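Reading through the structure tokens given below for one structure.
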Amino acid sequence: MKQKVLILGSISFVLDNAKVGINWIAEFLANQGYEVIYVSSASTPLDFFFKKKRERFKYAWLKGGKFNISANLTEIVFKTPWLLNRLTNRLTHRSAGILQQKLLNEHYAILISTVGALSLFVDKINAPLKVLRLQDDLNNFNLSKYVINNLQQLLRKQAFQKIWPVSNYLWQYAEQFKPKQNVLLSNGVNLTQYYNHFTQLKVKKVIYVGAFSSWVDIKLIIESASLLPDWQFDLFGDNFKQHNELPNNVFYQGGVTNDSLAPLLSRYSVGLIPFVDCEHILAVERPLKFYQYLASGLGIASTNYGCLQTGMGKWAYYGNSAQQFANAIINAADHRHSKKEIYQFLNNYTWDFILNKMLLQLNNVA
């Protein structure tokens, strides 16, 4: 009989254009023969009234909310009456999972959760091994104080036998909770996706790929583009708030799917990591886009706040002001490493390498 794994994730295989670490973990375990139930971000009836969330409402409430992704891998959109990341009291907390009792009451061999409001249900789920993938600091992840306090309480009670931080900063953060095992498992890259698209074009074109979260410095991009009028800046990702006066060389191109990312990146010289100086960035050493840019042959221009320069080191050029960032773009385009050197470095950060390391951790139950 197959061992059943429950993964409390976020990004949907069906509804979202992105693919992050927890998705790779779900696919890997399914390919290893586990029966994987992957739970994506929650949906409430209120989603119907918001254009960006209406598709999630349709899938969750009108189409059953359960989908077969591949052999051994099923996705469930978590249906709930409340906005989970905005819970403020015990009453809404206790009733938040009322529509998913069958899911929560089943027995699982392994439970893996990312940081997020779904983690609140960990102590209600029957699984002998519970793991937290610590991809972000709880305090800087757009969660209500009530949710943060309850997640920290679960950590203090050692509701998770294992914690898998993705950076050294988060590893140190996890140590305060004295978990039985605290193992650094960073983000990774699927090198086979990028290898045949690797190129080092000498074109004056830069790209940003990723969600336009509060920690992405749009102003820095715009000001740097104004200093480089003969360069083209293309921006891809969700939640972009249109600026009235974008320079003539800056273009918002919409979202991009994971499958189309490698051929897209091959058309550019430099990838941007324009993060602002904020608490969230303290925990970020090597964001996913760093690996994707590097594996595609792009130079990388980044700000150097938090742990970014410590994590990315010589593989990027850095600048925080518009002039410094513009200079970093030029240097990143002009001074790139060889494909051999890049791939020797990235071999230690492939998803295959990281996920097999993860599998050893699962088999080594403390």
Note down the relative contact order for region 250-366 as a percent, whole number, built from C-alpha pairs under 8 angstrom at least six residues apart. 21
Shape call for region 106-171 from the C-alpha gyration tensor, a ≥ b ≥ c root eigenvalues: rounded (a/c under 1.5), prolate (a/b greater than b/c) or oblate? oblate
Can you tell me the accessible area per residue over the chain, all protein chains present, probe 1.4 angstrom, in square angstrom? 45
Charged-residue dipole, Cβ positions (Lys, Arg, Asp, Glu), the chain about Cα centre, Debye nearest 20: 1020
Taking Lys and Arg as +1 and Asp and Glu as -1, residues besides LYS19 with C-beta under 14 Å from its C-beta add up to -4
Leaving out ligands, DNA and RNA, and with a 1.4 Å probe, what % of the accessible surface on region 168-268 is carbon or sulfur? 48
Relative to the first principal axis of the alpha-carbon coordinates of the chain, what is the inclination of helix 21-31, with its axis defined by its Cα atoms, in degrees from 0 to 90 and to the nearest 10? 60
If the reach is capped at under 14 angstrom between alpha carbons, list the aspartates and glutamates near LYS52, excluding any in the same chain fewer than eight residues apart. ASP16, ASP238
Pairwise label distance in nanometres, GLN200 with SER95, each label 7 Å out on the Cα-Cβ vector: 6.2
What are the trypsin sites (Lys or Arg not before Pro) within region 1-88 that DSSP puts in a loop, where the Cβ has at most 15 other Cβ atoms within 10 Å? LYS2, LYS63
Could you work out the local net charge near ILE98, counting Lys and Arg as +1, Asp and Glu as -1, over the other residues with Cβ closer than 13 Å to its Cβ? +4
Quick calc, region 313-361, dipole around Cα centre from Cβ unit charges on Lys, Arg (+) and Asp, Glu (-), nearest 20 debye, gives 80
Take the alpha carbon gyration tensor of region 1-75, find the square roots of its eigenvalues, order them as a ≥ b ≥ c, and report rounded if a/c is under 1.5; if not, report prolate when a/b exceeds b/c, else oblate. prolate
Along the dipole axis of region 138-290 (charges at Cβ: +1 for Lys and Arg, -1 for Asp and Glu; origin at the Cα centre), the most positive-end residue among LEU235, ILE163, PRO274 is ILE163
Sort region 33-132 into rounded, prolate or oblate with this rule: let a ≥ b ≥ c be the square roots of the eigenvalues of the Cα gyration tensor; rounded if a/c is under 1.5, and if a/c is not under 1.5, prolate when a/b is larger than b/c, oblate otherwise. oblate
Given contacts defined as C-alpha pairs under 8 Å and at least six residues apart, what's the relative contact order of region 102-257, whole-number percent? 14
Residue (of PHE50, LEU15, ALA60) at the positive-pole extreme of region 14-60, dipole from beta-carbon charges: PHE50
Taking Cα pairs under 8 Å and at least six residues apart, what relative contact order does the chain come out at, in percent? 13
Over 21 Å (Cα to Cα) among LYS4/LYS157; LYS180/LYS357; LYS145/LYS289; LYS2/LYS130 -> LYS4/LYS157; LYS145/LYS289
Around TRP61, what is the net charge, scoring Lys/Arg as +1 and Asp/Glu as -1 over all other residues with Cβ under 10 Å from its Cβ? +3
Which of ILE37, ILE98, ILE22 moves the most in a Gaussian network model of the chain with Cα springs under 10 Å? ILE98
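The values are calculated or read from the model by the stated rules, or taken from the named source; none is laboratory data. Worth saying up front: this structure is predicted, and the values here are computed from it rather than measured. Cβ: placed from backbone, ideal geometry, glycine included. Neighbour counts: every protein chain shown. Heavy atoms of the whole protein, side chains included, go into the accessibility calculation; ligands, DNA and RNA do not. Shrake-Rupley method; radii C 1.70, N 1.55, O 1.52, S 1.80 Å.
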